[in-house]
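We did not get these values from a lab; they are worked out from the coordinates using the rules stated. These numbers were taken from a predicted model, which means no experiment stands behind them. Cβ placement follows ideal geometry from the backbone for every residue including glycine, while neighbour counts extend to all protein chains displayed.
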Amino acid sequence: MNVGLLTTSYKTTELEIREKLAISEGDVKPLISFVKGRSGINELMVLSTCNRVELYLQSDDLDRKMDEVEKSLLEYLQIGEELKFQFQRLKGTEAIAHIFRVTSSLEAMVIGEPQISGQVKNYFHLSVESGGCGFFLNQIMNRAFITAKRVRSETEIAKFAVSISFAAVELAKKIFDSLENKSILVVGAGEMAELAVNHLLKAGCSHLMVANRTFSRAVSLAEKFSGSAVRFEYMANHLESADIVISSTGAKGYVIEPAIMSKCMRKRKHRPMFLIDIAVPRDIDPKINDLANAFVYDIDDLQTVVDNNLKFRENEAKKAEIIIANELEKIEEWLITLDVIPTIKMFRERVLEMAGLELQKGLGQLGEISSKQERTVRSMINSLAYKILHQPTVMLKQKAKEGTVGLEYVQVINDLFDLSPKTEKKTPRKIINLK
């Protein structure tokens with residue numbers, strides 16, 4: 001299998017170097033043209049994300065061509081030897097397995113991250129449009145997308161949140177039957193609080209209030225999410241109308257204390273309230289948890305949720321590995337049978353040609369017959385031809401999987417039907433259905 005790849009990722013290379021190797025979407029077409037022109041490889045696909053840069057290629061004399069591809073890429077990016085960098089290289093089944101794992105998000109920094117499959121698909125389409133991907137890479141990538149789809153549908157690898165902000169949303173959904181029309185009060189204007197707000201609003205929360213010591217910052221954040229700004233000193237007056245409170249200030253003491261919350265909960269008639277404390281040091285007194293229907297989670301609580309979810313995803317990744325192994329077997333079988341495809345094609349053409357000639361001869365001898373009778377005769381001849389073709393075709397593909405035995409069967413078919421296969425091997429243009 002003359003398929004290989006060059007890869008570098010967060011696992012092997014620091015960000016400063018990956019930044020220099022990054023390939024923008026606009027660079028895909030000129031890069032592919034440059035690298036193919038310099039190296040003479042048959043097919044090339046480019047992938048560049050924040051965590052990895054990879055090139056997938058198909059060519060004869062793979063080791064030498066991989067050297068030339070890497071050299072051409074660094075030349076295109078105007079990166080000299082002073083970088084002291086070299087791509088990791090994979091070939092054959094190992095390379096295809098890696099492609100499947102990347103597309104299925106098993107190689108992501110966060111296992112199960114949903115964005116990666118879309119990123120791979122985007123760069124694949126760009127590479128196809130740029131003339132990089134041909135018969136082999138098309139087949140491999142299409143099978144990679146089928147694999148990723150199976151991983152998503154047959155495992156729960158992406159089910160639970162693995163970021164602090166997503167974990168906050170997940171907990172909120174457990175506390176409330178629905179997040180629809182729930183109100184949020186943000187105390188402070190930290191980045192993590194902003195992320196949590198974004199996710200909560202997408203999950204159905206309807207209104208946002210922002211309280212901050214610097215009122216202009218409260219106004220800025222509130223405007224971003226079409227909410228309303230609250231002066232920090234009047235924050236307690238608005239607390240009772242909030243279903244979810246996110247606090248992220250730089251205060252040295254508690255901003256929300258049990259006495260304030262006790263009054264608030266009475267006014268709310270003890271309707272549930274979810275308080276998310278993502279400040280260090282903490283903003284919300286943990287004793288508030290003693291109040292009925294007041295649920296306080298600090299950053300350590302959220303991190304515990306995240307860690308448990310990561311462990312769950314790692315267990316689901318084991319199921320995904322089984323799916324990948326199964327899909328690898330399918331593509332290996334397909335690659336093995338490629339050697340017999342030219343013979344099968346010529347055998348099919350020869351049998352159908354003979355059937356067609358005999359059909360015309362027979363119709364000529366029958367004289368005047370109805371259109372219905374002619375259709376019946378044509379159907380009989382075609383049915384017989386395809387029945388003759390079926391078993392030898394199945395047998396050739398099966399024997400091809402057995403190694404050298406398959407070549408003997410190919411030769412027998414060639415001799416019996418005088419197929420005279422061409423010595424020059426040509427890759428079939430038609431994309432074979434691998435399902």
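Applying 1/(1 + (r/R0)^6) with r as the Cβ-Cβ distance of residue 237 and residue 311 and R0 = 45 angstrom yields a FRET efficiency of 0.60. Spacing of the modelled spin labels on residue 266 and residue 216, each 7 Å from Cα toward Cβ, amounts to 4.0 nm.
Between residue 377 and residue 71, the C-beta separation translates, for a Förster distance of 56 Å, into a calculated FRET efficiency of about 0.30. When a/c is below 1.5 the answer is rounded, else prolate if a/b is larger than b/c, else oblate, so apply that to segment 25-100 with a ≥ b ≥ c taken from the square roots of the Cα gyration tensor eigenvalues. Since a/c stays below 1.5, the shape of segment 25-100 is classed as rounded.
The dipole here belongs to segment 247-340: it is taken about the Cα centre, uses +1 on the Cβ of Lys and Arg and -1 on the Cβ of Asp and Glu, and is about 1240 debye.
Of the beta bridges in the chain, as assigned by DSSP with both residues counted there, near 40 percent are antiparallel.
Over the residues of the chain, the helix contribution to mean residue ellipticity at 222 nm works out to -18000 deg cm²/dmol, using -39500 (n - 2.57) for each DSSP H run of at least 4. Between 110, 305, 377, the GNM of the chain built on Cα springs shorter than 10 angstrom shows 377 fluctuating the most. For segment 13-120, relative contact order (Cα pairs under 8 Å, six or more residues apart, normalised by length) works out to 21 percent. Just report the Cα centroid separation between segment 265-292 and segment 70-110, whole Å. If we compute the Cα centre of each part, the gap is 49 Å. What you get for the chain, charging only the Cβ of Lys and Arg (+1) and of Asp and Glu (-1), is a dipole of about 1260 debye around the Cα centre. Across segment 164-306, Cα pairs under 8 Å and at least six residues apart give a relative contact order of 24 percent. If you take the square roots of the eigenvalues of the alpha-carbon gyration tensor of segment 164-306 and sort them as a ≥ b ≥ c, do you get rounded (a/c under 1.5), prolate (a/b over b/c) or oblate? Judged from the Cα gyration tensor, segment 164-306 comes out rounded (a/c under 1.5). Roughly speaking, what is the stretch gain from residue 289 to residue 64, that is 0.36 nm per residue apart minus the C-alpha to C-alpha distance, in nm to one decimal? Contour length minus Cα-Cα distance gives 74.4 nm. Between 303, 411, 86, the residue with the greatest mean-square fluctuation in the GNM of the chain (Cα pairs under 10 Å linked by springs) is 411.
Under the rule a/c < 1.5 gives rounded, and otherwise a/b versus b/c splits prolate from oblate, where does the chain land using the Cα gyration tensor?
It is prolate, given that a/c is not under 1.5 and a/b is the larger ratio.
In this calculation the C-beta distance from residue 357 to residue 94 is compared with R0 = 35 Å, giving a FRET efficiency of 0.10.
Listed here are the pairs 20/121; 91/397; 71/149; 174/311; which of them are more than 28 Å apart at the Cα?
Working: 20/121 23 Å; 91/397 24 Å; 71/149 35 Å; 174/311 20 Å.
Beyond 28 Å between Cα atoms: 71/149.
Amide H to amide H, with H built 1.01 Å from N, residue 230 comes under 5 Å of 210, 211, 212, counting only residues 5 or more places away or on other chains. Each of 47, 376, 280 was placed along the dipole of the chain (beta-carbon charges, centred on the mean Cα), and the one lying farthest toward the positive end is 376.
Build a GNM of the chain with springs between Cα atoms under 10 Å apart, and of 117, 163, 262 the one that fluctuates most is 262.
Each part reduced to its alpha carbon centroid, segment 213-242 and segment 115-146 end up 47 Å apart.
The listed peptides 93-101, 26-34, ordered by packing as a protection proxy, come out as 93-101, 26-34 (highest mean of other Cβ atoms within 10 Å first). Relative contact order of the chain: 13 percent, from C-alpha pairs under 8 Å at least 6 residues apart in sequence.
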